[in-house]
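The values are calculated or read from the model by the stated rules, or taken from the named source; none is laboratory data. Just so you know, these numbers come straight off a predicted model, no measurement behind them. Quick reminder, even Gly has a Cβ in these numbers, built from the backbone with ideal geometry, and neighbours come from all protein chains shown.
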């Protein structure tokens, strides 16, 4: 990824696990600028990127500077690709046939997370 690019990361800041993980990533010096959007604090900002709040609650989202949207495990791999220490992990995920497994694991986590967050009225639609 070139230095003139940036990423936009949309995350659930109301989720303690998600917040800890994003906090860890934010402390690392990324290879590109990253804009972090907490959908619980700034849900109105998602509209500018064509991301619905319910969709963002359903899956982790990363957008690149050309407005390509990555979701779920693919979004994590995209983010890892610009972070020190995680670049090797991203490369392995892209090179070895592990991404399909990561997608399945993430989908299970995402469904659980969505149901849990919906139980406290943080979302309004059914999971995708």
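Can you work out which of the residues in region 111-127 that are within 17 Å of the chain's Cα centre (by Cα) and over 16 Å from residue 13 (Cβ atoms) is modelled with the lowest pLDDT? Looking at residues that are within 17 Å of the chain's Cα centre (by Cα) and over 16 Å from residue 13 (Cβ atoms), I get 127.
Out of 94, 103, one residue alone is assigned to a helix (DSSP H, G or I), without any contact (Cβ under 8 Å) to a residue 40 or more places away in the chain, more than 14 Å from the chain's Cα centre (by Cα) and at negative phi. It is 94. Listed by first and then second residue, the pairs with beta-carbon distance under 9 Å, at least 6 apart or on different chains, first residue in region 38-49 and at negative phi and touching a residue at least 24 places away in the same chain (Cβ under 8 Å), second loosely packed, with under 10 Cβ neighbours inside 10 Å and in a loop (DSSP other than H, G, I, E, B), are 49/67. Within region 7-33, the set of residues being in a loop (DSSP other than H, G, I, E, B) and in contact with a strand residue (DSSP E or B) (Cβ under 9 Å, 6 or more places away or on another chain) comprises 12, 13, 14, 30, 32, 33.
Select from region 50-63 the residues that are under 11 Å from the mean Cα position of the chain (by Cα) and in contact (Cβ under 8 Å) with a residue 60 or more places away in the chain and write down the one among them that is farthest from residue 118 (Cα to Cα).
Residue satisfying both the conditions and the ranking: 59.
As a summary of the residue check, residue 90 satisfies the conditions (1) under 23 Å from residue 114 (Cα atoms); (2) surrounded by fewer than 20 Cβ atoms within 10 Å (Cβ to Cβ); (3) at pLDDT 90 or above except for the one numbered (1). Within region 64-82, restricting attention to residues that are touching a helix residue (DSSP H, G or I) at 6+ places or on another chain (Cβ under 6 Å) and not in a helix (DSSP H, G or I), the residue that is surrounded by the fewest Cβ atoms within 10 Å (Cβ to Cβ) is 70.
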